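Right, one structure below, let's go through it.
Values quoted throughout were computed directly from the atomic coordinates according to the rules given, and no laboratory measurement underlies them. Keep in mind that this is a model prediction, so the values were computed, not measured. All Cβ positions, even for glycine, are placed from backbone atoms using ideal geometry, and neighbour counts span all protein chains on display.
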Amino acid sequence: MNKKLGLAVAGAVLALSSAAQAGITIPAGDWTLDVSGNVNAYYQNTRQSGGTTTITGGLAGGARDANGDRVANGINTGLLPAWIGFTGKTRQNDLDVSFTISFQPGVSENSYHGDGSNGTSGGAVNATFLNRQTFLQFGDASWGSIKLGKDLGIFASNAILNDMTLLGVGGGAGRSGAAVNTTLGGIGSGYMYAAWKGQIAYTTPNWNGFQATIGLMNPNGASVNALNQDRLGVEGQATYSWTGDINGKVWAGFASYDITKSATQSYSATAYDIGANVNTGNLGVTAYYYKGNGAGTTAFGLLGVDANGRKRDSDGGYLQATYVIPTGTKLGASYGVSRLDPTNTTDRNANQETSGTGYLVEENRRWTIGAYHPLTKSLNLVAEYNDMRSEAAKSGVDAVKSKNISLGAILFF
């Protein structure tokens, strides 16, 4: 396996796929250029059931259309977008120097929205074209490394990198052509989204398996608005890895932001997490837990406070087990849940949307069963079943449920 491919997908596939391999290496004078990435596509069938009331922050309601149809079909990318990354490395003045730039196109690009027969203008809406990585890095094995630029966030990064649905779809599948690039995997139903953030981060040397990273983060990653933020965000993580017949990794991390949402709403949002991935023989087990105050759910800062600026508590986690059978197929099962606590009875019962519909989510939970088969060293065939349930904080509101079957393939190069 090659850590350059790990750069291309933020280390994700190295933890999960037997198909990971070196990218396309090109010598260029003092530099070595590595081109790597993936292409994936999945047929996705999603069926929604349960209540008709909108649950604000619920993740199980994406399949029903404006006509009330509960079944959606599509051919889209999964949790990972298609990916092409360029990494250049060299050694200069006793420093390891590198850069990484990557691009993530989507598969579903034809969200047709009218042919003019009903007064609309015909056309197509392309799924978002992403640029998730643009950073430089320099350092030395003796003292560590410094990263400047845009890359995966530090907090909750190991949660997503150890999620088996990184090779597949997970939750959040919907109609073909939606103006989004990826599904959710276990985001919002077991862990918060680490996101891709501008950052200045320092990583220590590896001391016999122990390593730590701390970074200053773009503050607007936690607060989607046009207001200036009082300070940079701070995220950190410590890990310990070991090898042997029983091998694995344990980690703990944190995030802290000051969020200004309006002239009358300014608060601090904090979260911490802890997790472990342990492997022995063909068996792998991952356990993860997080807790936040003002951090919200799914994305950091989302629904973190009530209408009066009081912070909501949140927590969640997931438990996952995988086993490689003699054919080389990795079978896996995962259960995840993310909870959001109302601040009081008023918050629990309050309508969370100005449109007059929708009540605050209290819980998103998900079951996933998957099979990941390495057809070649580069190509994995994937089959998944996902069962998602979203429950409202207000009593008497029926839960919304969605079940998804996905079949497809992911190719690494």
Under the 0.36 nm per residue contour assumption, what length would be gained going from the current alpha-carbon distance of ASN282 and ALA409 to full extension? 43.5 nm
Lys and Arg at +1, Asp and Glu at -1: add these up for the other residues within a Cβ distance under 11 Å of SER314 and post the number. -1
Under the Karplus relation 6.51 cos²θ - 1.76 cosθ + 1.60, θ = phi - 60°, what is the ordered set of whole-Hz ³J(HN,Hα) values for segment 31-38, x standing for Gly and Pro? 9, 10, 9, 10, 10, 8, x, 8
Apply the Karplus parameterisation 6.51 cos²θ - 1.76 cosθ + 1.60, with θ equal to phi minus 60°, to every residue of segment 259-264 and state each ³J(HN,Hα) to the nearest whole Hz, in sequence, with x for glycine and proline. 10, 10, 9, 6, 5, 10
Modelled label-to-label distance, ILE200 and THR52, 7 Å Cα→beta-carbon offset: nm? 5.5
For segment 232-350, what class follows from the C-alpha gyration tensor (a ≥ b ≥ c being the square roots of its eigenvalues): rounded when a/c is under 1.5, otherwise prolate if a/b is larger than b/c, else oblate? prolate
Along Cα→Cβ, 7 Å out, is where each label goes; now give me the distance between the ones at ILE24 and ILE369 in nm to one decimal. 4.0
Place the peptides 306-312, 197-203 in order of packing, highest mean first, counting for every residue the other Cβ atoms within 10 Å and averaging per peptide. 197-203, 306-312
Given 153-161, 379-387, the highest-first ranking by average Cβ count within 10 Å works out to 153-161, 379-387
Contour minus end-to-end for ASP230 and ARG70, with contour as 0.36 nm per residue of separation and end-to-end as the Cα-Cα distance? 53.2 nm
How do VAL107, VAL35 line up, fewest other C-beta atoms within 10 Å first? VAL35, VAL107
Output ³J(HN,Hα) for segment 243-257: one whole-Hz value per residue in order, computed from phi by the Karplus curve 6.51 cos²θ - 1.76 cosθ + 1.60 with θ = phi - 60°, and x for Gly and Pro. 10, x, 4, 10, 10, x, 8, 10, 8, 8, x, 8, 9, 9, 9
Using amide H atoms built in the peptide plane, which far-off residues or other-chain residues are under 5 Å from VAL169 H to H? LEU79
Tell me the net charge near LYS291. Cut-off is 9 Å between Cβ atoms, LYS291 excluded, with +1 for each Lys or Arg and -1 for each Asp or Glu. -3
Would you list, by chain and number, the lysines whose Cα falls below 30 Å from the Cα of LYS197, excluding same-chain residues fewer than 8 positions away? LYS3, LYS4, LYS89, LYS147, LYS150, LYS249, LYS261, LYS291, LYS311
Ratio Rg/Rh, restricted to segment 302-413 and using Cα atoms, in which Rh is the Kirkwood radius: 1.15
